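Working notes, beginning with the structure itself.
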Amino acid sequence: MAEQPLADLLREAERVLTASGVWGPREDAAALAAHVLGLTEEALKPEYPVPAAAAERLRTLVGRRASRIPLGHLTGRARLGGIEVTVTEDVFVPRFPTELLLRWGLSAVEGAKDPVVVDLCTGSGAVALAVAHARPDATVHAVELDAAALECARRNAAERAAAGDRPVAVHQGDVTDPVLLADLDGTADLVLANPPYVPVGTELLPEWGEHHPRQAVFAGDDGLDVIRRVIACAARLLRPGGGLAIEHGDAQIDVVPGLLAATGAFAEAEGHRDQENRPRYTTTLRKAVS
Ligand SMILES: C[S@@+](CC[C@H](N)C(=O)[O-])C[C@H]1O[C@@H](n2cnc3c(N)ncnc32)[C@H](O)[C@@H]1O
């Protein structure tokens, strides 16, 4: 068969993805088709004649997605805050809920001139780079422990800088390090973090449980190992009045405020829900006294 209408291929892909339990089969089929055809999803037309080789490539990718490899790992791209970044298969794919944490962060520094912003556990660098894109006057630092993620973040940072955004400083670092970014102590206007937060042993969808690096997802028996260190690090880095937002799991919305309060460094915390109304991140401000 020389060519096939796109609509037929999309129907076939949706059937395969639905049968394998993928939760957004239509959306993922469209995203993979756009990727294969080099088009935006908006430009996909049902009658588009897809050449045989492209149809085969699409079927292969649909098969891989049906084996529950994350969409972002198949397309190699992910979007956050109006920018696109590269994600390699050994790096966490930025998620839609993090968009809200990002928006909170941007609103927290709305009135600040030349803000200093730190993104802890940056992964692909998406959050840090989205801040730099939205706030050309900001000095943005991104911190990541894992070598593969670091390489990906550096590559994305170079890509965004070449596109005209202010360069982001990407640091290899560990949030458990008590002197991490010590030069910035007491100066940061905003600290954002989407750290690993799933308790070890939790059963997850294969996209997260099998196809994401463990250090990007799991964090000790209660899932709070890294969050605790993020809080300590943020208490040190933030200036009085500086903002902190931490993404976390559903149940942790009842725990994170207590961890923040125990430091004595933060004002009353506020829990926030994501686009699906699930408890997703907590915010607070650094108090004047520690
Ligand atoms: C949930 S992923 C989030 C990545 C990115 N912030 C995002 O939203 O797409 C968490 C990231 O934290 C990194 N990480 C885990 N433990 C860390 C630590 N102790 N210090 C710094 N980064 C860490 C992981 O390698 C991973 O890239």
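The values are calculated or read from the model by the stated rules, or taken from the named source; none is laboratory data. In this text the structure is predicted, and so the values were computed from the model without any measurement. As a convention, Cβ positions derive from the backbone with ideal geometry for all residues, glycine included, and neighbour counts pool all protein chains shown. Calculation scope for accessible area: heavy atoms of the full protein, side chains included, ligands and nucleic acids excluded. Shrake-Rupley method; radii C 1.70, N 1.55, O 1.52, S 1.80 Å.
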Among 227-237, 79-89, what's the highest-first ranking by average C-beta atoms within 10 angstrom per residue?
-> 227-237, 79-89
How long, wide and thick is the chain, going by the Cα atoms along their three principal axes, in whole angstroms, largest first?
-> 72, 42, 32
So R154 and H171, fully extended at 0.36 nm per residue minus their Cα-Cα distance, gain in nm 5.2 nm
Subtracting the Cα-Cα distance from 0.36 nm times the residue separation, let me have the gained length for F96 to R214 in nm, one decimal.
-> 40.5 nm
Rounded to the nearest 10 Å², what accessible area does W104 show when all protein chains are kept and the probe is 1.4 Å?
-> 50
Treating the angle as unsigned and between 0 and 90°, give the value, to the nearest 10°, between the Cα long axis of helix 225-237 and the longest Cα principal axis of the chain.
-> 50
Which order, highest average first, do 47-53, 258-264 follow once you tally other Cβ atoms within 10 Å for each residue and take the mean per peptide?
-> 258-264, 47-53
Across the stretch 126-278, how large is the tail of the calculated P(r) beyond 20 Å, expressed as a percent of all Cα pairs?
-> 54
On a 0 to 90 degree scale, rounded to 10, what angle separates helix 52-66 from the longest Cα axis of the chain?
-> 50
The rounded separation in angstrom of the Cα centers of the stretch 153-179 and the stretch 3-69 is 34
Helix-derived mean residue ellipticity, 222 nm - over the chain, DSSP H n ≥ 4, -39500 (n - 2.57), to 500 | -11500 deg cm²/dmol
Positive minus negative residues near P206 (Lys, Arg vs Asp, Glu; Cβ under 13 Å) | 0
Between R15 and R57, Cβ-based FRET efficiency (R0 22 Å, step 0.05) works out to 0.75
